[in-house]
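A short write-up of the structure that comes next.
Bear in mind that the values in this text are calculations on the coordinates, not laboratory data. From a predicted model like this one, the values you see are computed outputs, not experimental measurements. Positions of Cβ are generated from backbone atoms using ideal geometry, with glycine treated the same way; all protein chains shown enter the neighbour counts.
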Amino acid sequence: MAAEPAVFRAEIERIAALPAWIMDGNYTDTIAPRFAAADLVVTLDMPSWLCTMRVLRRTLSNLGTVRPEGPAGCPEQLTVAFLRYTATWNRLRRARTLTLTESFPGSRVVLRGPSAVRAFTRG
């Protein structure tokens with residue numbers, strides 16, 4: 001079950017006010033408070049096929065259970081709608097995400113592909 005929008009936004013704002021945090025997600029409704037408090041934005045620009053395959057693998061291996069990092073009471077489920085969303089992400093939403101990243105006034109990193117992620121996380 002998804003949080004009510006006002007509750008979700010309040011939680012994002014609360015976390016963004018902390019001295020240190022890492023958040024993921026591309027929720028444009030809450031991008032302003034995150035950008036206002038962030039000093040670095042990292043964008044993962046991965047191929048749609050890779051994202052879709054990873055969603056399938058993660059979902060099928062955890063189907064019906066709540067992942068340790070997942071919200072309580074939200075068991076993993078597989079829906080055609082979510083697979084479609086993942087598979088069409090780059091075609092329908094990638095440009096908007098990259099434009100948002102470019103609008104961030106602080107430090108920005110765009111990681112294109114798994115090898116770029118590995119290099120970035122190694123420091």
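Tell me, ARG91, ARG108 in order of fewest to most beta-carbon neighbours within 10 Å?
With the fewest neighbours first, ARG91, ARG108 line up as ARG91, ARG108.
Roughly how many nanometres apart are two label points built 7 Å out from the Cα toward the Cβ at ARG118 and LEU63?
For ARG118 paired with LEU63, the spin-label model returns 3.0 nm.
Based on the inverse mean of 1/r over its pairs of different Cα atoms, what is the Kirkwood hydrodynamic radius of the chain, in Å?
16.3 Å
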